[in-house]
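The values are calculated or read from the model by the stated rules, or taken from the named source; none is laboratory data. It should be emphasised that the depicted structure is a prediction, and the values quoted were computed from it without experimental measurement. No Cβ is skipped: glycine too gets one built from the backbone with ideal geometry, and neighbour counts run over all protein chains shown. The area values use the complete protein model at the heavy-atom level, side chains included, leaving out ligands, DNA and RNA. Shrake-Rupley method; radii C 1.70, N 1.55, O 1.52, S 1.80 Å.
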Amino acid sequence: MDMIGKFEEHMRQLERSPRTLDTYVRILRRIDHDLVSGLLAATDEELRTWIYRSGWSKATKHQRRAAVGSFFRFACDPTRAPHLDYNPAAFLP
């Protein structure tokens with residue numbers, strides 16, 4: 001199972017809203033596809049450019065920021081194996 005799938009399972013175990021979960025996973029899969037090196041290798045600059053692109057509403061940008069932030073908090077948790085060593089979403093506005 002990939003890291004996005006593990007995040008999805010984690011959110012299901014926490015009984016998060018199915019609608020929120022589906023939205024977050026859709027966003028994460030899209031950004032993973034859109035970024036040249038994928039989501040797990042994303043830099044803070046790549047995330048900022050993708051999330052805050054012009055043409056998206058404030059609400060859309062907020063939703064994408066929330067999904068990415070939640071994912072990287074999960075992915076960088078040192079109590080999980082494997083985990084990422086760097087959270088590129090940590091300093092996003």
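Overview of results
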| read-out | value |
| --- | --- |
| K58, K6, ranked by accessible area, largest first (probe 1.4 Å) | K58, K6 |
| Solvent-accessible area, 1.4 Å probe, carbon plus sulfur percent, for the chain | 52 percent |
| Residues E9 and S37, FRET efficiency given R0 of 30 Å [Cβ-Cβ distance, rounded to 0.05] | 0.80 |
| The chain - mean residue ellipticity at 222 nm from DSSP helices (-39,500 (n - 2.57) per run, n ≥ 4, rounded to 500) | -18500 deg cm²/dmol |
| Sequence of S70, S37 from largest to smallest accessible area, 1.4 Å probe | S37, S70 |
| R0 of 25 Å, Cβ-Cβ distance S57-T79: FRET efficiency to nearest 0.05 | 0.10 |
| Taking N as its residue count, the alpha carbon Rg of the chain over 2.2 N^0.38 Å | 1.02 |
